[in-house]
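The values are calculated or read from the model by the stated rules, or taken from the named source; none is laboratory data. Model, not experiment: these values are computed from the prediction. Note that we place each Cβ from the backbone using ideal geometry, even for glycine, and neighbour counts take in every protein chain shown. Surface accessibility is based on the protein's heavy atoms, side chains included, excluding ligands, DNA and RNA. Shrake-Rupley method; radii C 1.70, N 1.55, O 1.52, S 1.80 Å.
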Amino acid sequence: AGNIKLVADSNANPYAIFAQGSGDVACAKVDINTVDGNKKVEMVTKGEGTKTNAVLYAACNSTVNINGIVDITDKVTGQKAIQVGANSTVNINGGVIGIAGDETAIHLVDGGKININQVAGKAFAVVTNGNIVLDGASNEANGGGKITYNTATSAHNGNIVKNSDTVQNFAVEFSNGATWNGYVDGVGLDLALNNGAIWKVQDREEISTNSL
């Protein structure tokens, strides 16, 4: 497919994508494929008032694969861009997730996992606006996934934090001029800074040419 636009209009909780399985296996699945994996998949939500749900919600026991470039910026005030629940995984090529001023861009709960820009041999621009929050039961066994920021226009504008007293792990990689504007707190972070990546934390700028 070419560009795709998903619109949800509700005064309850508008979801552009909602997936939830049953039992103990990941039996709900959503696959979205675009030409060459680089066409836009825009998710729009509309509704009155402030909402706290996520635009893309992979609840328990589900998998969402988006072979395309997401745009999750036109949404109801207060909404998180993405939430992933227990035994669920979201895979996305790249795109813009959240808007400036968002508190949370990605919320991983009870071991939910997200992978962004993990297609072998390709580099997609990724911008995440808002915190990446890990919450609930520990993800020590499988980790929370990985996001790779490896273009000069890629950035994570937010922190990587946990909101529980359990072990929470995650992986991020920045390279080729990509920028991280934020800090990590409480998360076991597998962090790589390569080839001119910029990490701006606590008013200090670090530029790395080698992996940490």
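Here residue 28 does not fit the description of being within 16 Å of residue 97 (Cβ to Cβ) and surrounded by 15 or more Cβ atoms within 10 Å (Cβ to Cβ). Which one is most open to solvent (accessible area, probe 1.4 Å), of the residues in region 99-115 that are over 17 Å from residue 42 (Cα atoms) and assigned to a strand (DSSP E or B)? Filtering region 99-115 for residues that are over 17 Å from residue 42 (Cα atoms) and assigned to a strand (DSSP E or B), the one most open to solvent (accessible area, probe 1.4 Å) comes out as 113.
Within the set 127, 96, 119, 133, the sole residue that is touching a residue at least 60 places away in the same chain (Cβ under 8 Å), out of contact with any helix residue (DSSP H, G or I) (no Cβ under 6 Å at 6 or more places or on another chain) and either of a type outside the set (S, T, N, Q) or outside any loop (DSSP other than H, G, I, E, B) (or both) turns out to be 119.
Report yes if some residue within region 142-151 is modelled with pLDDT under 95, more than 16 Å from the chain's Cα centre (by Cα) and at negative phi; otherwise report no. The answer is yes; a qualifying residue exists. Among the residues making up region 12-47, those that are touching a residue at least 60 places away in the same chain (Cβ under 8 Å) and not in a loop (DSSP other than H, G, I, E, B) are 19, 37. For beta carbons closer than 6 Å, sequence separation of 6+ or different chains, a first residue in region 179-194 that is free of Cβ contacts under 8 Å to residues at least 24 places away in the same chain and a second that is surrounded by fewer than 20 Cβ atoms within 10 Å (Cβ to Cβ) and charged (D, E, K, R), the qualifying pairs are 192/173.
Selection of region 62-92 for residues being of a type in the set (S, T, N, Q), within 14 Å of the chain's Cα centre (by Cα), in a loop (DSSP other than H, G, I, E, B) and within 17 Å of residue 168 (Cβ to Cβ) yields only 88. Give the residue, chosen from 143, 95, that is closer than 16 Å to residue 172 by Cα, touching a strand residue (DSSP E or B) at 6+ places or on another chain (Cβ under 7 Å) and buried (at least 21 other Cβ atoms within 10 Å of the Cβ). After ruling out the rest, the residue left standing is 95.
Residues in region 116-128 that are within 11 Å of the chain's Cα centre (by Cα) and surrounded by fewer than 24 Cβ atoms within 10 Å (Cβ to Cβ) were compared, and the one that is nearest to residue 89 (Cα to Cα) is 117.
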